[in-house]
Amino acid sequence: MSLLLLLWLVSYCVGTLGTHTEIKRVAEEKVTLPCHHQLGLQEKDTLDIEWLLTDNEGKQKVVITYSSRHVYNNLTEEQNGRVAFASNFLAGDASLQIEPLKPSDEGQYTCKVKNSGRYVWNYVILKVLVRPSKPKCELEGELTEGSDLTLQCESSSGTKPIVYYWQRIREKEGEDEHLPPKSRIDYNNPGRVLLQNLTMSSSGLYQCTAGNEAGKESCVVRVTVQYVQSIGMVAGAVTGIVAGALLIFFLVWLLIRRKDKERYEEERPNEIREDAEAPKARLVKPSSSSSGSRSSRSGSSSTRSTANSASRSQRTLSTEAAPQPGLAPQPYSLLGPDLRGFEPKKVHHATLTKAEATPSMILSQSGTFQTV
């Protein structure tokens with residue numbers, strides 16, 4: 001009986017040790033840290049309340065206080081405007097409210113209440129959970145049949161541990177939501193999944209989910225497996241297009257060259273080519289039916305023959321008439337009855353010149369004209 005009375009007196013005069021409480025909350029949410037006492041019911045003027053935070057690095061700082069009937073809640077820049085007493089602290093509820101939570105609010109909180117030499121302590125361990133950031137889905141490898149493909153998924157932030165889970169999204173009825181049979185998970189890096197020996201059935205939409213105690217986030221990526229033959233067909237089509245374009249350019253070039261050559265020949269119509277053959281003389285045999293033409297050609301031939309004969313006679317007479325040295329000139333006479341009274345016909349010099357320059361045509365016994 002005396003021992004119980006002694007313990008009560010000690011607790012009344014010295015103080016009461018509160019309980020240790022652990023609370024987990026997600027960042028950006030609201031949290032209330034409990035602290036209850038009965039020291040303010042008698043003398044409110046001497047009541048002091050103080051909340052302290054010891055962070056994960058062991059540093060301690062004051063969060064909020066009540067002293068001399070004033071509340072001070074702007075003691076730190078990080079928690080300014082986010083901390084307050086949750087209820088009527090004078091009536092015995094000195095709980096602390098923080099909103100919104102930040103990762104820097106994590107640590108051990110101590111609530112200390114003092115009044116008239118009596119103390120009350122409460123301890124609260126606060127853990128702030130951070131949801132995983134939206135993961136980034138990536139593909140590593142070739143998207144062709146028979147090759148291997150790695151699906152990569154990772155969140156840049158979030159409370160550890162983060163669990164990753166890959167699954168296939170069913171886009172049509174009858175499709176399987178599980179990964180292809182030949183799939184391997186890298187347990188050292190759960191965000192990596194290896195798809196071996198790809199087939200056309202491996203094509204589809206894949207989802208990666210990253211989760212922890214705070215929540216989940218996911219990302220999706222599409223896998224499209226291609227035929228190896230289709231790649232060859234595409235390459236062949238490209239080659240054919242290039243070859244066709246080159247052929248078209250070549251034909252256009254030939255057409256332009258041909259047009260230029262024709263234009264060049266049109267600009268030089270009267271120019272004699274060095275490699276051209278000389279024109280050949282054409283001999284025409286007169287026909288029996290064209291008597292008029294034959295008579296005309298005969299008359300022309302007779303005229304040219306007469307002119308040639310007169311020219312030769314004149315040259316002969318001139319030669320004979322010239323006196324030879326040592327001989328006396330003798331008169332000459334024309335013999336024969338047909339030559340009496342004949343006088344050489346005078347021929348104009350221009351006519352002689354033209355006659356000498358013009359070849360005469362003599363009718364041979366064969367009936368054709370020969371050039372003289």
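Sort through Glu99, Glu106 and tell me the only one that's of a type in the set (Asp, Glu), open to solvent by 70 Å² or more (accessible area, probe 1.4 Å) and within 60 Å of the chain's Cα centre (by Cα). None of the other options fit; the residue is Glu99. Cβ-Cβ distances below 6 Å connect the following pairs, each with a first residue in region 91-104 that is of a type in the set (Ser, Thr, Tyr), a second residue that is open to solvent by less than 10 Å² (accessible area, probe 1.4 Å), and a separation of six or more residues or different chains: Ser95/Cys35. Considering only residues in region 157-178 that are part of a loop (DSSP other than H, G, I, E, B) and under 34 Å from the mean Cα position of the chain (by Cα), the one that is surrounded by the most Cβ atoms within 10 Å (Cβ to Cβ) turns out to be Arg170.
Summed over region 182-197, the residues that are under 15 Å from Val223 (Cβ atoms) and out of contact with any strand residue (DSSP E or B) (no Cβ under 6 Å at 6 or more places or on another chain) give a count of 3. A count restricted to region 171-220 and to residues that are farther than 15 Å from Glu142 by Cβ and either touching a residue at least 40 places away in the same chain (Cβ under 8 Å) or touching a Leu at 6+ places or on another chain (Cβ under 9 Å) (or both) stands at 26. Scan region 10-24 and tell me whether some residue there is closer than 29 Å to Gly215 by Cα, modelled with pLDDT under 90 and assigned to a loop (DSSP other than H, G, I, E, B). No, region 10-24 contains no residue that is closer than 29 Å to Gly215 by Cα, modelled with pLDDT under 90 and assigned to a loop (DSSP other than H, G, I, E, B). Of all residues being outside any strand (DSSP E or B) and open to solvent by 100 Å² or more (accessible area, probe 1.4 Å) in region 179-193, which is nearest to Ser147 (Cα to Cα)? Just the residue, please. Result: Lys182.
With respect to the conditions (1) open to solvent by less than 80 Å² (accessible area, probe 1.4 Å); (2) in contact (Cβ under 8 Å) with a residue 40 or more places away in the chain, Thr65 lacks only one, and its number is (2). Taking the criterion of being within 30 Å of Cys35 (Cβ to Cβ) and assigned to a loop (DSSP other than H, G, I, E, B), the residues of region 113-156 that qualify are Ser116, Gly117, Val130, Arg131.
From the list Thr46, Thr19, Thr76, Thr54, the one residue that fits, being in contact (Cβ under 8 Å) with a residue 60 or more places away in the chain and closer than 26 Å to Thr159 by Cβ, is Thr19. Scanning region 38-58 for residues that are farther than 19 Å from Glu22 by Cα and part of a loop (DSSP other than H, G, I, E, B) yields Gln38, Leu39, Gly40, Leu41, Gln42, Glu43, Lys44, Asp45, Thr46, Leu47.
The values are calculated or read from the model by the stated rules, or taken from the named source; none is laboratory data. Note that the coordinates shown come from a computational prediction; the quantities given were computed from them, not determined experimentally. Cβ coordinates were reconstructed from backbone atoms using ideal geometry, including for glycine residues, and neighbour counts include every protein chain displayed. The protein model used for the area step is the full one, side chains on, heavy atoms only, and it has no ligands, DNA or RNA in it. Shrake-Rupley method; radii C 1.70, N 1.55, O 1.52, S 1.80 Å.
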